[in-house]
Amino acid sequence: MNTVIIRQALINIAEKSGRPHYPMCVVSEVVQSFIHDKEHFLKEKVLNESRYISMDFDQKAPETANYSTQSEWFKKRLAEQNTLIDELAVFCAPRHMKSLLSYYLNTSKSQLYLIFQKKRLFTDEQLENLNEAKKRTLKDFNTNFLQKAG
């Protein structure tokens, strides 16, 4: 497990529990607990949360893939999702749409931001739920924001 995954897991844990993000000293403590195989009260939560974090450059590509490097695997997956990400950027252009979409995709706004920046990928679960999340986002946006403006 790398520091990027640990940091993102701590961000997700903080957002889910409604508390401010953990300071860097706590992130460092958790990282050190993994490196030196020590106990830390957040270690178990990080392990549980890290299962839901999408692949990035530092993670290993699946064993079944025939790619020479991890970044080659990431680039191929990103190319597959590129058009979808660009379409979602247009879909989420109105104010509050990213927040609603992240809510219905059951992910943090920071993870969705990284996806839009093409630094992370959608997980398989997020891809499966994307159409339904878009429908619910659009319905919620039309109900709560457009009617109030009109």
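Annotations for the structure displayed:
- Using θ = phi - 60° and Karplus 6.51 cos²θ - 1.76 cosθ + 1.60, couplings along the stretch 81-87 (whole Hz; Gly, Pro as x): 9, 3, 4, 4, 5, 5, 5
- Compared with the direct C-alpha span, the chain from Asn106 to Asp37 gains 21.8 nm at full extension, assuming 0.36 nm per residue.
- For a paramagnetic label modelled on Ala89 (point 7 Å from Cα along Cα→Cβ), amide N atoms under 16 Å away belong, within the stretch 111-139, to 112-122.
- Taking label positions 7 Å along the Cα-Cβ direction at both Glu72 and Leu130, the computed distance is 2.5 nm, reported to one decimal.
- Distance in nm between pseudo-label sites at Glu44 and Arg19 (7 Å out along the Cβ direction from Cα): 1.5
- In order along the stretch 90-105, the phi-based Karplus estimate (6.51 cos²θ - 1.76 cosθ + 1.60, θ = phi - 60°) of 3J(HN,Hα) comes to 5, 4, 8, 4, x, 4, 6, 5, 5, 5, 5, 4, 5, 4, 6, 7 Hz; Gly and Pro are listed as x.
Computed from the coordinates by the stated procedures, all read-outs in this text should not be read as laboratory data. These numbers come from a predicted model, not from an experiment. Cβ sites come from the backbone with ideal geometry, for glycine too, and all protein chains shown count toward neighbours.
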